[in-house]
Amino acid sequence: MNKLIITTYKLEALDPTGNVVTTEEATESHPFKFISGMGFALDAFEQHVEPLAEGDTFDFMLEPEEAYGPYDKTHVVDFPLESFCIDGRFDSKQIYPGANVPLINEDGQRFIGHVLEVNEEKVRIDLNDTLAGRRIHFTGRVVVSRPATKEEFQAFVNLLSGEECGCGCGCDHEHKHDGHECCGHHHHDGQCCGKHKE
């Protein structure tokens, strides 16, 4: 049975120096909304939250293997400057060190790359998830947990196929981690083919 689950939560992670930092928060006004069994949420997150009833709280830690995997140095990739040109000119307004760039691969999957370096010949981009290699800590509360309606299920099918947002928040979910609290983290596999999604 696919359940509609709505939660509030705070997500904390250990940064490279060992300090705990809050990386994301789903609030009462912008909760995390998903349907179980559709691969929208992290598997381990869903396993912890799906059995809970409305009003229940949760508090659990996930190891990198349960969350966003180990940090992979091979996912730091150099792309030619022309991969990020618009009308023959390099897009320096959006492509600069420190920028998070929406990318799309050959299968049409969308995700974020973090720009590490730009020089006269190439753009170096880190395709690892921003939480790769890090232990993460979720604390929160289940706001809604009930069987999903056919309409809700179809809305999430449309979202996963890239047609529209299924959470009712009005966002287009172009990014993997776009900072929009309502839809939280979800998986997007595959490597970038160098297409810059405008």
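The values are calculated or read from the model by the stated rules, or taken from the named source; none is laboratory data. Keep in mind that what you see is a predicted model, and the values were worked out from it rather than measured. Cβ coordinates were reconstructed from backbone atoms using ideal geometry, including for glycine residues, and neighbour counts include every protein chain displayed. These accessible areas exclude ligands, DNA and RNA; they are computed on the full protein's heavy atoms, side chains included. Shrake-Rupley method; radii C 1.70, N 1.55, O 1.52, S 1.80 Å.
Numbers below:
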{"quantity": "Residues (closer than 18 Å to Asn105 by Cβ and either at pLDDT 85 or above or open to solvent by 80 Å² or more (accessible area, probe 1.4 Å) (or both)) located in the stretch 146-162", "calculated": "Leu160"}
{"quantity": "Conditions (1) under 18 Å from the mean Cα position of the chain (by Cα); (2) in contact (Cβ under 8 Å) with a residue 12 or more places away in the chain; (3) part of a strand (DSSP E or B); number of the one not met by Phe60", "calculated": "(1)"}
{"quantity": "Residue check, Val115 in contact with a Pro (Cβ under 6 Å, 6 or more places away or on another chain), over 30 Å from Val144 (Cα atoms) and assigned to a strand (DSSP E or B)", "calculated": "yes"}
{"quantity": "Single residue of Leu131, Leu103 found to be at pLDDT below 95 and either not in a strand (DSSP E or B) or not hydrophobic (A, V, I, L, M, F, W, C) (or both)", "calculated": "Leu131"}
{"quantity": "Boolean, Gly88 is small (Gly, Ala, Ser), under 23 Å from Arg134 (Cα atoms) and open to solvent by 40 Å² or more (accessible area, probe 1.4 Å)", "calculated": "no"}
{"quantity": "Selected residue (only one of Lys10, Lys93, Lys3 is within 17 Å of Arg134 (Cβ to Cβ) and not polar (S, T, N, Q))", "calculated": "Lys10"}
{"quantity": "Failed condition for Asp78, given (1) open to solvent by less than 70 Å² (accessible area, probe 1.4 Å); (2) on the phi < 0 side of the Ramachandran plot; (3) part of a loop (DSSP other than H, G, I, E, B)", "calculated": "(3)"}
{"quantity": "Selection status of Ala67, in a loop (DSSP other than H, G, I, E, B), among the aliphatic types (A, V, I, L, M), at pLDDT below 95 and surrounded by 13 or more Cβ atoms within 10 Å (Cβ to Cβ)", "calculated": "yes"}
{"quantity": "Considering residues of the stretch 91-145 that are farther than 27 Å from Asp15 by Cβ and β-branched (Val, Ile, Thr) only, the residue surrounded by the most Cβ atoms within 10 Å (Cβ to Cβ)", "calculated": "Val142"}
{"quantity": "Residue check for Gly194: at pLDDT below 90, open to solvent by less than 80 Å² (accessible area, probe 1.4 Å) and in contact with a Ser or Thr (Cβ under 6 Å, 6 or more places away or on another chain)", "calculated": "yes"}
